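Enquirer: If you scroll down you'll find the structure; I have some questions about it.
The values are calculated or read from the model by the stated rules, or taken from the named source; none is laboratory data. Predicted, not measured: the structure shown is a model, and the values here were computed from it. Here the Cβ positions follow ideal geometry from the backbone for every residue, glycine too, while neighbour counts run over all protein chains shown. SASA here: full protein model, heavy atoms, side chains in, ligands and nucleic acids out. Shrake-Rupley method; radii C 1.70, N 1.55, O 1.52, S 1.80 Å.
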Amino acid sequence: MAAEIRLFTCLSDNFGYLIHDPGTGATASVDAPEASPIIKALDKEGWRLTDILVTHHHHDHVGGIAELKQRYGCRVVGPHDKQAKIANVDQRVAHGDIVKVGNLLARVLETPGHTLDHIAYVFDTEKALFAADTLFSIGCGRVFEGNYPMMWDSLLKLRSLPDDFKLYCGHEYTASNVKFALTVDPDNAALKARAEEVARLRAAGQPTIPTLLGEEKQANVFLRADDPEVAMKLHMKGAGAAEVFGELRERKNKS
Ligand code: ZN
Ligand code: FE
């Protein structure tokens with residue numbers, strides 16, 4: 001039986017995610033922004049939480065862990081951060097580790113930059129990437145703890161996944177990302193198509209996630225920092241990809 005994925009809003013613009021293995025009944029929450037919407041989503045399906053897969057230490061991703069762990073006695077999997085900023089973690093994972101959720105397998109990718117401890121979870125069989133705050137649709141996370149070359153390298157790891165994988169990211173930031181992207185990449189047909197789709201979805205009160213990684217590779221300017229055309233648009237002809245990426249990120253910060 002195929003895995004089931006549910007998405008819902010937590011806090012103001014975070015996504016909550018549940019991934020359920022019908023074979024074993026196991027259910028994981030990817031991050032835990034806050035407990036109540038996650039409990040509500042579990043109750044709606046009649047699922048019981050067995051695991052929480054944490055991506056990084058920011059409060060809007062870990063705020064619900066303590067309450068959920070107390071309620072369900074679930075296992076908490078988190079990044080292998082030496083400073084142990086995340087409480088209640090039972091299992092620490094590093095790049096290449098495999099996490100089991102029932103019979104589902106998640107592969108851990110270390111994607112530092114937004115934070116140094118940031119990891120993503122890839123369910124290869126389900127073709128699902130949970131990228132949290134490293135890669136957003138038409139954007140990427142702010143670089144708080146790492147540097148631009150580090151974040152660019154993390155984005156390359158995600159970009160190397162197959163086109164038919166779905167991106168499940170940490171926040172509903174797509175509309176604001178589209179607005180910025182159109183200022184630097186206005187002639188990109190894939191971006192323009194995505195802009196129309198996003199406007200339609202938001203007008204209907206629908207989430208813009210998930211989205212296909214293959215479409216993201218075409219439409220997301222932050223994944224195209226090594227495209228000479230993007231460097232040209234920024235008047236950075238000949239500059240390295242990490243440098244172009246840094247310029248994009250700084251412009252977005254100021255936008
Ligand atoms: Zn964050
Ligand atoms: Fe976040």
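Enquirer: What are the pairs with Cβ atoms under 6 angstrom where one residue, in the stretch 98-119, is in contact (Cβ under 8 Å) with a residue 12 or more places away in the chain and the other, located anywhere, is of a type outside the set (A, V, I, L, M, F, W, C) and assigned to a strand (DSSP E or B)? Sequence gap at least six, or different chains.
Expert: VAL101/ASP51; ALA106/TYR121; ASP117/PRO79; ILE119/PRO79; ILE119/GLU110
Enquirer: Next up: Of all residues in the stretch 157-175, which are away from ligand 1 (no atom under 16 Å from the Cβ), under 25 Å from MET232 (Cβ atoms) and assigned to a helix (DSSP H, G or I)?
Expert: ARG159
Enquirer: Return the residues of the stretch 64-84 that are over 17 Å from the mean Cα position of the chain (by Cα) and either within 16 Å of ligand 2 (Cβ to nearest atom) or closer than 22 Å to ASP97 by Cα (or both); say none if nothing qualifies.
Expert: Within the stretch 64-84, the subset over 17 Å from the mean Cα position of the chain (by Cα) is 64-76, 80-84.
If the condition is that a residue be over 17 Å from the mean Cα position of the chain (by Cα) and either within 16 Å of ligand 2 (Cβ to nearest atom) or closer than 22 Å to ASP97 by Cα (or both), then GLY64, ILE65, CYS74, ARG75, VAL76, HIS80, ASP81, LYS82, GLN83, ALA84 are the ones that fit.
Enquirer: If you don't mind, another one. Tell me the residue from VAL244, VAL198 that is modelled with pLDDT of 95 or more and closer than 20 Å to PHE15 by Cα, please.
Expert: Numbers: VAL244 fails: closer than 20 Å to PHE15 by Cα.
Of the residues listed, the single one that is modelled with pLDDT of 95 or more and closer than 20 Å to PHE15 by Cα is VAL198.
Enquirer: Got a sec? Which of LEU248, LEU167 is under 23 Å from LYS127 (Cβ atoms) and surrounded by 15 or more Cβ atoms within 10 Å (Cβ to Cβ)? Write out each step before concluding.
Expert: On the way: LEU248 fails: under 23 Å from LYS127 (Cβ atoms).
Unique residue meeting the criteria: LEU167.
Enquirer: So if I check each of ASP90, ASP31, ASP21, ASP13, which one is touching a residue at least 40 places away in the same chain (Cβ under 8 Å) and away from ligand 2 (no atom under 16 Å from the Cβ)?
Expert: Numbers: ASP90 fails: touching a residue at least 40 places away in the same chain (Cβ under 8 Å); ASP31 fails: away from ligand 2 (no atom under 16 Å from the Cβ); ASP13 fails: away from ligand 2 (no atom under 16 Å from the Cβ).
Only one candidate qualifies: ASP21.
Enquirer: Going by the structure shown, is LEU182 in contact with a helix residue (DSSP H, G or I) (Cβ under 7 Å, 6 or more places away or on another chain), open to solvent by less than 10 Å² (accessible area, probe 1.4 Å), within 16 Å of PHE136 (Cβ to Cβ) and hydrophobic (A, V, I, L, M, F, W, C)?
Expert: On the way: in contact with a helix residue (DSSP H, G or I) (Cβ under 7 Å, 6 or more places away or on another chain): yes; open to solvent by less than 10 Å² (accessible area, probe 1.4 Å): no; within 16 Å of PHE136 (Cβ to Cβ): yes; hydrophobic (A, V, I, L, M, F, W, C): yes.
No, not satisfied.
Enquirer: Further, regarding this structure: Need at least 1 residues that are open to solvent by 20 Å² or more (accessible area, probe 1.4 Å) per element, so show me which strands (runs of 3 or more DSSP E) inside the stretch 43-146 make the cut, counting only ones lying wholly within it. Steps first, answer last, please.
Expert: Numbers: elements: 51-53, 75-79, 91-93, 98-101, 104-110, 119-123, 128-132.
Counting at least 1 such residues, we get 75-79, 91-93, 98-101, 104-110.
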